[in-house]
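Following: one structure in structure tokens, then a few remarks.
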Amino acid sequence: MSAAAGDAAASDTPLRAVFKINLNGKTVSIANVGQAYRFITNLSSIEWIEFRALHADAVSALRSAADNAMLTVQATNALRALFVRAKLL
């Protein structure tokens, strides 16, 4: 059972790494499940279309981590894969 989108967006469960992404000249720090979930779901789906499978994996992993903090390693790895492939890291 996965968390509802609102639960994942509000989660303050820490990730296993802090991601610092330079976006439009500003550095965005992503340190917890809620920040990551909001970041990857607030951008237009068109922006993630090329990385559709990785994006879906990351969203699913973040929802699971919001429910169960033991899954933050998987969520962190899914985010890292998405960000690296999208050349954000």
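Data overview
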quantity: Members of region 48-85 found to be over 14 Å from Ala17 (Cβ atoms) and not aliphatic (A, V, I, L, M), listed by number; calculated: Trp48, Glu50, Phe51, Arg52, His55, Asp57, Ser60, Arg63, Ser64, Asp67, Asn68, Arg85
quantity: Answer residue from region 44-89, given it is basic (Lys, Arg) and over 9 Å from the mean Cα position of the chain (by Cα) and is surrounded by the fewest Cβ atoms within 10 Å (Cβ to Cβ) among those; calculated: Lys87
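For every residue, the table says whether it meets (1) of a type in the set (Gly, Ala, Ser); (2) closer than 16 Å to Ala78 by Cα; (3) outside any helix (DSSP H, G or I).
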site: Ala9; (1), (2), (3): yes, no, no
site: Phe19; (1), (2), (3): no, yes, yes
site: Asn22; (1), (2), (3): no, no, yes
site: Thr27; (1), (2), (3): no, no, yes
site: Ile30; (1), (2), (3): no, yes, yes
site: Glu50; (1), (2), (3): no, yes, no
site: Asp57; (1), (2), (3): no, yes, no
site: Ser60; (1), (2), (3): yes, yes, no
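The numbers here are math on the coordinates, done by the rules we state, and not lab data. Owing to the predicted nature of the structure, the values given are computational and were not obtained by experimental measurement. All Cβ positions, glycine included, derive from the backbone under ideal geometry; neighbour counts span all protein chains shown.
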